[in-house]
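The numbers here are math on the coordinates, done by the rules we state, and not lab data. In this text, all values refer to a predicted model and were calculated from it rather than measured experimentally. As a convention, Cβ positions derive from the backbone with ideal geometry for all residues, glycine included, and neighbour counts pool all protein chains shown.
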Amino acid sequence: DAGVIQSPRHEVTEMGQEVTLRCKPISGHNSLFWYRQTMMRGLELLIYFNNNVPIDDSGMPEDRFSAKMPNASFSTLKIQPSEPRDSAVYFCASRTGANVLTFGAGSRLTVL
Amino acid sequence: GQQVMQIPQYQHVQEGEDFTTYCNSSTTLSNIQWYKQRPGGHPVFLIQLVKSGEVKKQKRLTFQFGEAKKNSSLHITATQTTDVGTYFCAGQGNQGGKLIFGQGTELSVKP
């Protein structure tokens, strides 16, 4: 089992550019979560999906952020346009039937 | 909305000393989970508590869930340098729902 796979691991971009983060959950896990981690705000839940359907997106900061899960094996988090305050580590996690979250290694985003 | 508060934010101990972190929820929880994140790493699941007043142990780690299911604690006995990292509690209001993380307690251990 390769675990939850995220890409890219690191992204440096300029303000105003579009950023797309990708996640492949563990096969068989039917829930997927996107979290953002910063020193100031800790681990914030952005959005989560059950069976590919967005259940709660109340944590999505604003319209610049969007997330999709077109199928059970793939999800994206898009920021357009990006801003320096979006700099953070973005984690994707998938959940087992036993209610345990398995996190990916994270995508470290730096917006200049 | 549901909030999970965790204290202290930082804890520096000498190797061999004990360590405790506390977690409080603004609402009654269905269950609480604990995760550990090593420096530069990602959160890794440690344990889940479901029952009121539940106590679970993993070697030197003791986890408690309060009677009212609104608070929890993690106690490490005789810390080791391998215990270094940030410990997060995460509360769930209803089974299968979203998991809200506390701010975490960063533990450093001086050899």
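Going by the alpha-carbon gyration tensor, a ≥ b ≥ c the square roots of its eigenvalues, is segment B:8-52 rounded (a/c under 1.5) or, if a/c is not under 1.5, prolate (a/b greater than b/c) versus oblate? Prolate, because a/c is 1.5 or more and a/b exceeds b/c. Listed by chain and number, the lysines placed with their C-alpha closer than 20 angstrom to that of A:Lys24 are A:Lys68, A:Lys78, B:Lys98; residues fewer than eight positions away on the same chain are left out. Calculated FRET efficiency, B:Val84 to A:Ser7, Cβ-Cβ distance, R0 = 22 Å: about 0.20 to the nearest 0.05. Computed from label points 7 Å out along Cα-Cβ, the spacing between A:Asp63 and A:Asn50 is 2.9 nm.
Highest mobility in the GNM of chain A, judged by mean-square fluctuation with C-alpha springs under 10 Å and restricted to A:Val100, A:Val89, A:Val53, is found for A:Val100. Per residue, the Cα convex hull of segment A:8-98 amounts to 99 Å³.
Taking 7 Å steps out from each Cα toward its Cβ at A:Phe74 and A:Met39 produces label points 3.7 nm apart.
For chain B, the share of DSSP beta bridges that are antiparallel, to the nearest 5, is 90%.
Give the shape of the protein assembly as shown as rounded, prolate or oblate, defined through the alpha-carbon gyration tensor: a ≥ b ≥ c are the square roots of its eigenvalues, a/c under 1.5 means rounded, and otherwise the shape is prolate if a/b is larger than b/c and oblate if not.
Prolate is the answer for the protein assembly as shown, as a/c is 1.5 or above and a/b outweighs b/c.
Less than 5 angstrom separates the built amide H of A:Gly106 from those of A:Gln6, A:Cys92, all sequence-distant by 5 or more or on a different chain.
Do any GluC sites (Glu not before Pro) in segment B:54-111 lie in a loop, going by DSSP, with at most 12 other beta-carbon atoms within 10 Å of their beta carbon, and if so which? Numbers along the way, then the final one.
Numbers: sites: B:Glu54, B:Glu67, B:Glu106; in loops: B:Glu54, B:Glu67.
Here the sparse-neighbourhood loop sites are B:Glu67.
The alpha carbons of chain B occupy a box of 41, 27, 20 Å along the principal axes, longest dimension given first. For the pair A:Ala98 and B:Tyr10, label points projected 7 Å from Cα toward Cβ lie 3.6 nm apart.
With K and R counted +1 and D and E -1, the other residues having a Cβ less than 14 Å from that of A:Ser87 yield a net charge of 0.
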